[in-house]
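Peer 1: This is the structure, below, for whatever I ask next.
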Amino acid sequence: MKHIILVIVCLITFLFSIQSVYAIKKVVKPTPKPKFSCSVRKTVCAQMRNCDEAKYYYSKCGLRKLDRDRDGIPCETICKKY
């Protein structure tokens, strides 16, 4: 009887440890590499490849000069209003 209880306790402990390892693996996801970086210094609209890059530099890197008319839209030649 003691052996059966011991086996059951060991089995339950084993099952809980498997669940916790699975839960940790499931929750921990690698962070995706950002598309753009402020470390690559681009300073004018002509250096931007697309509107997303211009918006990134404007909002994340603080390049306010990309919005010459201060309407909140950087590089209007790339990010056209529709």
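The values are calculated or read from the model by the stated rules, or taken from the named source; none is laboratory data. Because the structure is a prediction, the values reported are computed rather than measured. Backbone-built Cβ (ideal geometry, glycine too); neighbour counts: all protein chains shown.
Peer 1: Which residue is nearest to the chain's Cα centre (by Cα), if the candidates are limited to region 57-82 and must be among the aliphatic types (A, V, I, L, M) and either under 16 Å from residue 41 (Cα atoms) or not in a loop (DSSP other than H, G, I, E, B) (or both)?
Peer 2: 63
Peer 1: Which residue, of 54, 46, is part of a helix (DSSP H, G or I), modelled with pLDDT of 85 or more and exposed (fewer than 13 other Cβ atoms within 10 Å of the Cβ)? Working first, answer last.
Peer 2: Values: 54 fails: exposed (fewer than 13 other Cβ atoms within 10 Å of the Cβ).
Answer to the selection: 46.
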